[in-house]
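Here's the structure we're looking at; comments come further down.
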Amino acid sequence: MQTRVAAFTRAVVYDRAGLGRSAPDSAGRTLDRMADDLNDLLDGLEPSSGFVQVGHSAGGP
């Protein structure tokens, strides 16, 4: 999906801490921490004209 989207706009993909290519997080993972991580990422990217976020289930019941 990223490759197709990147053909016509900027596309960014990230792995949450401890998943994929990201380093493990020594602190416990909570929903609040995951939201803070994503917010920090977006602040660092400084999108100039908004963004569309696409996600999928994190699993669980």
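Here are some notes:
- The condition of being loosely packed, with under 10 Cβ neighbours inside 10 Å and either out of contact with any strand residue (DSSP E or B) (no Cβ under 6 Å at 6 or more places or on another chain) or assigned to a helix (DSSP H, G or I) (or both) holds for only one of 16, 21, 33, that being 21.
- Members of the range 36-61 found to be aliphatic (A, V, I, L, M), assigned to a loop (DSSP other than H, G, I, E, B) and within 11 Å of the chain's Cα centre (by Cα), listed by number: 54
- Residue in the range 53-60 that is free of Cβ contacts under 8 Å to residues at least 12 places away in the same chain and surrounded by 11 or more Cβ atoms within 10 Å (Cβ to Cβ) present: no
- Selection from the range 1-13 of residues that are among the β-branched types (Val, Ile, Thr) and in a loop (DSSP other than H, G, I, E, B): 9, 12, 13
- Scanning the range 7-37 for residues that are of a type in the set (A, V, I, L, M, F, W, C), in contact with a helix residue (DSSP H, G or I) (Cβ under 8 Å, 6 or more places away or on another chain) and more than 18 Å from residue 56 (Cα to Cα) turns up just one, 27.
Quick note: the coordinates plus some simple rules give every number you see, no bench work behind them. All figures in this text were calculated on a predicted structure; none of them were measured in a lab. Cβ atoms come from the backbone with ideal geometry, glycine included; neighbour counts cover every protein chain shown.
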